[in-house]
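Everything below concerns the one structure shown next.
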Amino acid sequence: MLKKILDSKSCAECRLCCKFDRYDAWETPVFTAEICERIRSAKPETEFVTKDGGFIFKVKELDEDELFSCPALTETGCMLGDDKPFDCRIWPYRIMEVGGRRAITIASICDELYNRPLSQLAGFLKEGLADAIFSYADAHPEIVKPYYEGYPVLMFEKQELL
Ligand code: SF4
C-alpha cells in the first residue's frame with residue numbers, strides 16, 4: 001500500500017519492523033485465522049493468542065536487550081508476500097485510539113519514512129490511504145492499538161458535527 005513512497009529495496013535491507021524487543025511486543029501484527037494456519041504449516045512450533053477477534057503470536061519471555069523475530073520472517077523476507085497482515089502493509093503508519101478518537105500515527109523507528117517532511121507523510125494519507133485505514137479498522141477493530149507515547153499523531157478521524 002505504500003509502494004508509492006516506500007521502495008521495497010529499503011524495506012528488504014532493513015526489516016526492523018519484523019523484529020521486536022520486550023517493550024514493543026504490543027506492536028506485533030494482528031493476523032487472521034488463515035494467516036495463522038499458513039505460518040503454522042511452515043513453523044508448527046508457533047503459538048498464537050487471540051486479540052479482539054484476531055490473533056497475535058505469543059512472545060516468549062525476553063531478556064532486556066533480546067530481540068524476537070516475527071515467525072513469518074525468513075532468510076529471504078516475509079513468507080507472506082503480498083498477503084501480509086494489514087498492520088504490516090501500512091507500516092510505519094499506525095492506527096491508534098487517542099483520547100476516545102481514532103487517529104493515524106507514525107512509528108519513529110522507521111528512519112526511511114520518519115525523516116520525510118510532515119507535509120509528505122500527511123499528504124500521502126490524504127490521497128486515499130487514511131480512508132483505506134479507517135475503513136479497514138471499521139471491519140477489523142482489532143488493529144486499533146491504544147495510544148502509545150512518542151507516536152506523533154498525523155491525522156484524526158473526521159467527526160460529524162452535531
Ligand atoms: S508478517 Fe511479515 S512483514 Fe509483518 S512483521 Fe511478520 S515478517 Fe514482517
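Select from the range 111-125 the residues that are of a type in the set (A, V, I, L, M, F, W, C) and more than 15 Å from the chain's Cα centre (by Cα) and list them in ascending order. Matches in the range 111-125: LEU118, LEU121, ALA122, PHE124, LEU125. Scanning the range 1-27 for residues that are part of a helix (DSSP H, G or I) and under 13 Å from PHE57 (Cβ atoms) gives CYS18, ALA25, TRP26, GLU27. In the range 22-44, the residues that are in contact (Cβ under 8 Å) with a residue 60 or more places away in the chain form Cβ pairs under 9 Å with partners that are within 12 Å of the ligand (Cβ to nearest atom) and assigned to a loop (DSSP other than H, G, I, E, B), at six or more places apart or across chains, as follows: VAL30/PRO85. Out of everything in the range 1-21 that is touching a residue at least 60 places away in the same chain (Cβ under 8 Å) and closer than 22 Å to ASP65 by Cβ, what residue ends up being surrounded by the most Cβ atoms within 10 Å (Cβ to Cβ)? Ranking the qualifying residues of the range 1-21, first place goes to CYS18. Scan the range 60-76 residue by residue and report those that are over 16 Å from the mean Cα position of the chain (by Cα) and either closer than 30 Å to LEU118 by Cβ or aliphatic (A, V, I, L, M) (or both). Within the range 60-76, LEU62, LEU67 qualify. Contact map, the range 67-96: first residue at positive phi and near the ligand (Cβ under 8 Å from one of its atoms), second residue small (Gly, Ala, Ser) and not in a strand (DSSP E or B), Cβ cut-off under 8 Å, separation 6 or more or different chains; pairs are GLY77/ALA12. Of the strands (runs of 3 or more DSSP E) lying entirely inside the range 28-104, the ones with 3 or more residues being out of contact with any Lys or Arg (no Cβ under 7 Å at 6 or more places or on another chain) are found at 54-57, 93-98. Restricting PHE68, PHE86 to those that are within 21 Å of ALA137 (Cβ to Cβ), surrounded by 12 or more Cβ atoms within 10 Å (Cβ to Cβ), not assigned by TED's automatic domain parsing to the domain that holds ILE109 and not acidic (Asp, Glu) reduces the list to PHE86.
Being closer than 24 Å to PHE31 by Cα and either of a type in the set (Ser, Thr, Tyr) or outside any helix (DSSP H, G or I) (or both) is a condition met by no residue of the range 112-124. Taking the criterion of being within 13 Å of the ligand (Cβ to nearest atom) and of a type in the set (Phe, Trp, Tyr), the residues of the range 22-66 that qualify are PHE31, PHE48, PHE55, PHE57. Listed conditions (1) surrounded by fewer than 18 Cβ atoms within 10 Å (Cβ to Cβ); (2) within 13 Å of the ligand (Cβ to nearest atom) are all met by ASN115, apart from (2).
The values are calculated or read from the model by the stated rules, or taken from the named source; none is laboratory data. All of these numbers come straight from a predicted model, not from anything done at the bench. Cβ sites come from the backbone with ideal geometry, for glycine too, and all protein chains shown count toward neighbours.
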